[in-house]
Amino acid sequence: MQAETKTPRRGLVRWLLGGGLTASVASFLYPVIRFMNPPEVSEAAVNEASVAKVQDFTLNSGKIVKFGSRPVLLIRAGESDWRAFSGTCTHLDCTVQYQTASHQIWCACHNGFYDLNGRVVSGPPPRPLEEYAVHIRGDEVIVTRGAG
Amino acid sequence: MLAARENEKRGPLGWLEDRLGLESVREFIAHKSVPKHSATMWYYFGGITLFLFVIQVLTGILLLLYYRPTTAEAYESVQFIVTQVKFGWLIRSIHSWSANLMILTAFIHMFSVVFLHAYRKPREATWLSGIALLGLALGFGFSGYLLPWNTVSYFATKVGTDMAASLPVIGPPVARFLRGGDEVGGATLTRFFGFHVAVLPGITTVMLLVHLALVQRWNISVPPWVERQFRDRGREVPRMPFAPNFFLRELMAWYAALAGLGILAALFPWELGDKADPFAPAPAGIHPEWYFLAPFYTLKLIPSNVWFIEGELLGLIGFGLLAVWWVCLPFWATDRAGQVKTRLVTGAGVFLLSYLAIFSALGYWQ
Amino acid sequence: MKLKLAMLACAAALWAKDSCLECHSELDGSLAAPTQAFKDDVHKGLGFSCVHCHGGDSSTDDPERSMSRARGFRGKIARTAVPELCAHCHSDAALIHKYNPKQRVDQMAQYKTSVHGQRLAKGDVNVANCVDCHSVHNIRAVRSPLSPVHPLRLPDTCSTCHSDANRMAKYGIPSNQHAEYRSSVHWEALEKRGDLSAPSCASCHGNHGATPPEVTSVAAVCGTCHVLMENLYKESPHEPVFAAMEKGGCVVCHGNHAVEHPTTDLLVGKSSVCADCHEADSAGGKVAEEMGRSILELRAALDRSDEILGRARRSGMEVSEPLLRQMEGRENLVKARVAVHAFDAAAVRQPVQDGLAIAAETHNAGEEAMRERDYRRMGLGLSLIAIAATMIGLWLAIRSIEGREKPIASPDGGG
């Protein structure tokens, strides 16, 4: 029986083996090559990230920006005086906001106030806000977190 | 077909073959053969383990392109690999899954050697080098587990190095050496990274070459009962050519392993968990990788004090003796006449296998 | 006999200065108890002792002399005399600030304005004075977790009297406040979450100047923390109505001591408080209905997004970005709930619409992640097909190679 089907079968074997090997090796190499290709974001936003543009901030204004996967409150207190704090209130994790009138950071949930150094001024927050360093590079605002 | 080609060594390929002396290699492979009998399938597991090791090396090298071994960045860089790098999730998942499968196949390989009595004279050194390779694989597992710097890995490493610390006299310095300090921290991470990507691969490569050379030197063993069966019939044990017969089958096994890996990695991507926080309390239900579960659970069962010694110490001494007994298997398995005590060894194998299986299961489901 | 023993002990301790503690610690029962308690007293650490309150002379061991009225011995302090005695030092800024420059000195003045203080002045010894709350002889700093006026222990301290129905009966005030308070969201925050900023009795009623907040000032009291709600409420149509009805604002819907976690049930459904005044088909009833329904709608949308994102996450997809966005969505839900206090459907609509937009976006991201999952599975499938083809090819190749060879094997040689 084997002898009868020898030729078509050998063709089939060759086709299966050749095609299968080529396709499978391609399916192994494709992810590897894609993996080695540098991704669009060239670095893990661990300690440093460009979070905003300078021109988006007027004097005495503040906005919530994303730093990695965390919200950060970025404040432009003076011409070159930038501050950045963890955007979540230390009381119950509500998002804080900058109050231009009082120059303070305010949490609307339970009326907690922090000053421009992140320290608790009044209200229920148990701890000051974590502060991040801010640098300006060209028109980019770079937020940096201390090691750890 | 080969013979026809041999005469005309022309062109670049022929030149290369000539200069590299591939003819002798070809000759060698053509004469290599593998015993063929009812237990031949167990011969494939060594090869599968080797194949998975190669996958580990390749995916490991790929991960090195993005991984950063510091406490501040380790977790984030793995997260970056998994989220931002194209197919990063796949490479990382394959590395994790392949590591586990490799340990599993290494164990299968070891137990098949025990039950087929392949350790017997003159293959004692092969057995010893194999055990050393298993130890190295466990070392790879232990050091690699910490590298993502997540909660489970952090605490598993803490527990693991604490165990080492409880050994008398040598314990504290050994634990300090492993941790690179008194506590599991940044120094431990750097160190484990060094072990994982440089020290262990170096030693493993040498040991692997020794193991393969020994397998080649003493050839593949035939189980005693197969030998006896054919001797009684006055026949030679049949053999199949290594190439292509055995190799093609091995290739099939590798492809099967690849398919399994692909399925596991794509459908059950390895979780990253939360970043390790050394100041947080240990989360409930911390347990090590499955291959460390049996000793881990045994140590939990031993009361804190037995007679006058500490329970954990007693357990470790027990494991030490068990390990020595197991390593020495080829030496106590043979009687003075050179006969292998097959029943004793099979019994010991069944005992160890059932201990590992039962205690790992209990440790998992406790 | 006992007295003799005590005197003997006193004689043995001639060199010591504080004869009060020395002798009383040798005595029994209530005469010795204060000496034990005093070990933990904050005043002891600052160098004060028995004589500073009780008078007398602690430098002599002769009880006749040490406890003689001639030397200023006052003995047991009458309940009505306690506040004045404490205030002797605590209202003296010059003295107190030597020990703690930030310590307040207005407690006595405040106490006099309180119901407790006014009744005590009239000779009612049933009311609380300093020592009833701060304890006596083992007075601790207010910040100490062991102090009876520490936030976590204050409700129990007040309730020792205020939960006593017999004691409260003659003043005609209820005694269930403590029980009610313990069912409140505030107690839960304080006790279960350990949030020491959560209000307990004194946060609303004051401490030394303890008075019930007047109906008109309730909103202000709640507003010290719940600012946004207070502001909206003050501008709302309810404010003048509730004021005219002489019902304290917030309390009308939320109650006082038993403030429960507010849900949309307050707006719509069987336990709606709006329905107490507004017919369902009246204008007010419709506004309540719309506010409740739109909040529920937003919540359901956010839940749907959570569900699909959770499913994507469980199948190994990376969805931390949309999950972060979900937090913003949830914040809009909170905003919408706050906006209810304007009692105007339009005010609720804005945050609900913002939230719905975010929920739609995160739901899309979830669907995208699920498509990515399917894409991965398709890739896996293609790869598996190639692998399977290769394996079949290999198997056939082996068969054909071994078929050509002479069978040298045992019967199972087919492999």
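The values are calculated or read from the model by the stated rules, or taken from the named source; none is laboratory data. Because the structure is a prediction, the values reported are computed rather than measured. Methodologically, a virtual Cβ is constructed for each residue, glycine included, from the backbone with ideal geometry; neighbour enumeration extends over all protein chains shown. The protein model used for the area step is the full one, side chains on, heavy atoms only, and it has no ligands, DNA or RNA in it. Shrake-Rupley method; radii C 1.70, N 1.55, O 1.52, S 1.80 Å.
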If we scan the stretch B:95-105, do we find a residue that is out of contact with any helix residue (DSSP H, G or I) (no Cβ under 6 Å at 6 or more places or on another chain) and within 14 Å of another protein chain (Cβ to nearest Cβ)? yes
A:ARG76 versus (1) surrounded by fewer than 19 Cβ atoms within 10 Å (Cβ to Cβ); (2) at pLDDT 90 or above: which is the lone unmet condition? (1)
Quick one: in the stretch C:176-191, which of the residues that are surrounded by 17 or more Cβ atoms within 10 Å (Cβ to Cβ) and of a type in the set (Ser, Thr, Tyr) is farthest from C:CYS204 (Cα to Cα)? C:SER184
If you go through the stretch B:248-257 one residue at a time, how many are touching a Phe, Trp or Tyr at 6+ places or on another chain (Cβ under 8 Å), open to solvent by less than 40 Å² (accessible area, probe 1.4 Å) and within 28 Å of B:VAL78 (Cα to Cα)? 1
Out of the residues in the stretch B:326-366 meeting the condition of being among the hydroxyl-bearing types (Ser, Thr, Tyr) and within 23 Å of the chain's Cα centre (by Cα), tell me which one is nearest to B:TYR291 (Cα to Cα). B:SER360
When the stretch A:1-26 is checked residue by residue, the ones that are part of a helix (DSSP H, G or I), modelled with pLDDT under 90 and either among the polar types (S, T, N, Q) or open to solvent by 50 Å² or more (accessible area, probe 1.4 Å) (or both) are A:LYS6, A:THR7, A:PRO8, A:ARG9, A:ARG10, A:LEU12, A:ARG14, A:TRP15
Pick from the stretch B:270-281 the residues that are touching a residue at least 40 places away in the same chain (Cβ under 8 Å) and more than 10 Å from chain C (Cβ to nearest Cβ): which of them is least open to solvent (accessible area, probe 1.4 Å)? B:ALA276
Go through the stretch C:111-132 and count every residue that is open to solvent by less than 60 Å² (accessible area, probe 1.4 Å) and more than 13 Å from C:CYS86 (Cα to Cα). 9
Tell me the helices (runs of 4 or more DSSP H) entirely within the stretch C:120-205 that contain at least 2 residues that are hydroxyl-bearing (Ser, Thr, Tyr). C:154-162
B:LEU62 fails exactly one of (1) more than 9 Å from every other protein chain (Cβ to nearest Cβ); (2) over 19 Å from the mean Cα position of the chain (by Cα); (3) within 27 Å of B:PHE292 (Cβ to Cβ), namely (1)
Condition first: more than 25 Å from the chain's Cα centre (by Cα), surrounded by fewer than 23 Cβ atoms within 10 Å (Cβ to Cβ) and more than 8 Å from chain A (Cβ to nearest Cβ). Now tell me which residues in the stretch B:69-81 satisfy that. B:THR70
Helices (runs of 4 or more DSSP H) contained entirely in the stretch B:291-356, each with at least 1 residues that are within 30 Å of B:PRO122 (Cα to Cα) and not assigned by TED's automatic domain parsing to the domain that holds B:ILE108: B:311-327, B:329-332
The residue from C:GLY284, C:GLY316 that alone is open to solvent by 10 Å² or more (accessible area, probe 1.4 Å), at pLDDT below 90 and closer than 30 Å to C:MET370 by Cα is C:GLY316
Only one of (1) facing another protein chain (nearest Cβ under 9 Å); (2) farther than 30 Å from C:ARG314 by Cβ; (3) open to solvent by 50 Å² or more (accessible area, probe 1.4 Å) fails for B:LEU267. Which number is that? (2)
Please go through the stretch C:236-250 and give me each residue that is farther than 18 Å from C:ALA288 by Cβ and surrounded by 13 or more Cβ atoms within 10 Å (Cβ to Cβ), ordered by number. C:ALA243, C:GLY248
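With respect to C:ASP374, is the statement that it is in contact with a helix residue (DSSP H, G or I) (Cβ under 9 Å, 6 or more places away or on another chain) and of a type in the set (D, E, K, R) true?
It is false that C:ASP374 is in contact with a helix residue (DSSP H, G or I) (Cβ under 9 Å, 6 or more places away or on another chain) and of a type in the set (D, E, K, R).
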Note on the stretch C:151-175: residues at pLDDT 90 or above, open to solvent by less than 50 Å² (accessible area, probe 1.4 Å) and under 15 Å from the mean Cα position of the chain (by Cα) are C:LEU154, C:PRO155
